[in-house]
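J.: Dropping a structure here in structure tokens format, bear with me for questions.
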Amino acid sequence: MSAGGGKRAIIAALLANLGIAITKFVAWAISGSASMLAEAVHSVADTGNQGLLLLGARQAKRKADSEHPFGYGRERYVYAFVVSIILFSIGGVFSIYEGFNKLADPHELKYAWLPLLVLVIAIVLESFSLRTAVRESNKVRGKESWIQFVRHAKAPELPVVLLEDVAALTGLVFAFLGVGLTVITGNSMWDAIGTLAIGALLVLVAVILGIETKSLLVGEGARPADTEAIRDAINADPQVEALIHLRTLYLGPEELLVAAKVAFAPKKKLTEVAAAINALEVRVRKAVPVARVIYIEPDIYHRPDKRNPPTDMFVIKASD
């Protein structure tokens with residue numbers, strides 16, 4: 001992901017949500033709409049989300065030290081996980097609570113035109129924020145579907161902002177329908193149902209983002225296309241007899257660790273092997289630029305016994 005693109009999408013969402021949150025709180029205070037209060041809390045949560053994403057990106061830029069020799073790249077995953085679980089869940093649980101409270105103790109809406117006006121304005125502003133997120137995501141999404149992009153993205157910011165904006169727009173529609181039906185029917189139950197729908201939506205988004213960011217925190221390897229490019233780069237070297245096995249791990253969204261055991265001819269001199277390994281590192285980085293930390297272990301290739309085939313799924317022979 002382009003760091004600049006992600007930052008633009010986050011800032012656009014932060015500014016939109018901050019303005020929307022203030023407007024919604026004013027409208028709730030005047031009208032007493034439960035849907036409007038739920039939406040206001042949702043916008044405050046979203047504003048906090050963007051602040052945490054910006055903080056995570058800043059923390060991740062710290063240089064590696066003796067305590068964290070591989071750097072702080074995963075800070076972005078930690079903050080994205082906090083965003084996806086705590087803030088989304090708080091917004092969702094609060095909205096569900098407020099919806100049930102409104103069902104148990106209904107009260108008439110005042111100045112119903114005000115929350116409807118605010119919701120229309122909020123829909124317009126959120127649409128601009130979503131458009132920015134979509135435009136920046138399209139620069140790095142390639143041919144992937146939107147579902148694949150959210151599931152496979154190694155940089156968490158754009159998927160988080162995308163799902164936030166989609167949830168926000170959908171929640172605004174729920175709130176508009178709840179308030180609108182309350183005005184039409186005179187029954188505040190619709191306002192409460194709209195609030196419950198908003199809460200359920202936020203909890204659903206929290207679960208989705210939580211699952212995806214947890215996978216990044218646990219540690220994901222390179223995408224299949226990048227793994228294949230690394231394999232091809234190593235096996236293409238004429239001095240390599242075989243790529244015995246390969247491991248990859250994202251240390252951060254823009255930093256991939258590559259560890260490989262590579263077979264060279266048994267009679268090669270140490271200086272020749274060292275030079276070949278240096279050349280391999282250059283070749284791998286050219287094929288996959290995010291492969292910044294590379295460890296290559298030289299070894300001698302032994303053909304596997306057909307009666308006892310290797311169990312390592314990454315064993316690849318350069319030639320038979």
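The values are calculated or read from the model by the stated rules, or taken from the named source; none is laboratory data. Note that the coordinates shown come from a computational prediction; the quantities given were computed from them, not determined experimentally. Backbone-built Cβ (ideal geometry, glycine too); neighbour counts: all protein chains shown.
J.: Just wondering, is there one or more residues in region 193-208 that are modelled with pLDDT under 90, of a type in the set (S, T, N, Q), in a helix (DSSP H, G or I) and touching a Phe, Trp or Tyr at 6+ places or on another chain (Cβ under 7 Å)?
T.: Checked region 193-208: no residue is modelled with pLDDT under 90, of a type in the set (S, T, N, Q), in a helix (DSSP H, G or I) and touching a Phe, Trp or Tyr at 6+ places or on another chain (Cβ under 7 Å).
J.: If you don't mind, another one. Go through Ala57, Ala38 for me and flag whichever is in a helix (DSSP H, G or I), modelled with pLDDT of 80 or more, buried (at least 18 other Cβ atoms within 10 Å of the Cβ) and in contact with a Phe, Trp or Tyr (Cβ under 9 Å, 6 or more places away or on another chain).
T.: Ala57
J.: Now a separate question. Would it be correct to say that Glu157 is of a type in the set (Asp, Glu), surrounded by fewer than 21 Cβ atoms within 10 Å (Cβ to Cβ) and touching a helix residue (DSSP H, G or I) at 6+ places or on another chain (Cβ under 9 Å)?
T.: Answer is no for this residue.
J.: In region 65-72, is there at least one residue being assigned by TED's automatic domain parsing to the domain that holds His152 and either closer than 22 Å to Arg8 by Cβ or of a type in the set (Lys, Arg) (or both)?
T.: no
J.: Looking at Val203, Val273, which is the one that is of a type outside the set (Gly, Ala, Ser) and over 17 Å from the mean Cα position of the chain (by Cα)?
T.: Within the list Val203, Val273, the selection yields Val273.
J.: Right, something else. Could you count how many residues in region 81-103 are at pLDDT below 85 and within 12 Å of the chain's Cα centre (by Cα)?
T.: 2
J.: Give me the residue from region 217-233 that is surrounded by 15 or more Cβ atoms within 10 Å (Cβ to Cβ) and not in a loop (DSSP other than H, G, I, E, B) and, out of that set, farthest from the chain's Cα centre (by Cα).
T.: In this case the residue turns out to be Ala233.
J.: Suppose we filter Ser89, Ser145, Ser43 for residues that are more than 18 Å from Val207 (Cα to Cα), hydroxyl-bearing (Ser, Thr, Tyr) and surrounded by 14 or more Cβ atoms within 10 Å (Cβ to Cβ); which single one remains?
T.: Ser43
J.: I'd like the full set of residues that are touching a residue at least 24 places away in the same chain (Cβ under 8 Å) and not in a helix (DSSP H, G or I), limited to region 122-161.
T.: Within region 122-161, Ala153, Lys154, Ala155, Pro156 meet the criteria.
J.: Going by what's in this entry, would Ile30 be described as farther than 15 Å from Val160 by Cα, at pLDDT 80 or above and surrounded by fewer than 16 Cβ atoms within 10 Å (Cβ to Cβ)?
T.: Judged against the criteria, Ile30 is a match.
J.: Next question, about the same structure. Check Tyr295, Tyr301, Tyr250 and return the single one that is part of a strand (DSSP E or B), of a type in the set (Phe, Trp, Tyr) and out of contact with any Lys or Arg (no Cβ under 7 Å at 6 or more places or on another chain).
T.: Result of the check over Tyr295, Tyr301, Tyr250: Tyr295.
J.: Also: Go through region 134-151 and count every residue that is under 13 Å from Leu209 (Cα atoms), touching a helix residue (DSSP H, G or I) at 6+ places or on another chain (Cβ under 9 Å) and of a type outside the set (Phe, Trp, Tyr).
T.: Residues in region 134-151 being under 13 Å from Leu209 (Cα atoms), touching a helix residue (DSSP H, G or I) at 6+ places or on another chain (Cβ under 9 Å) and of a type outside the set (Phe, Trp, Tyr): 2 in total.
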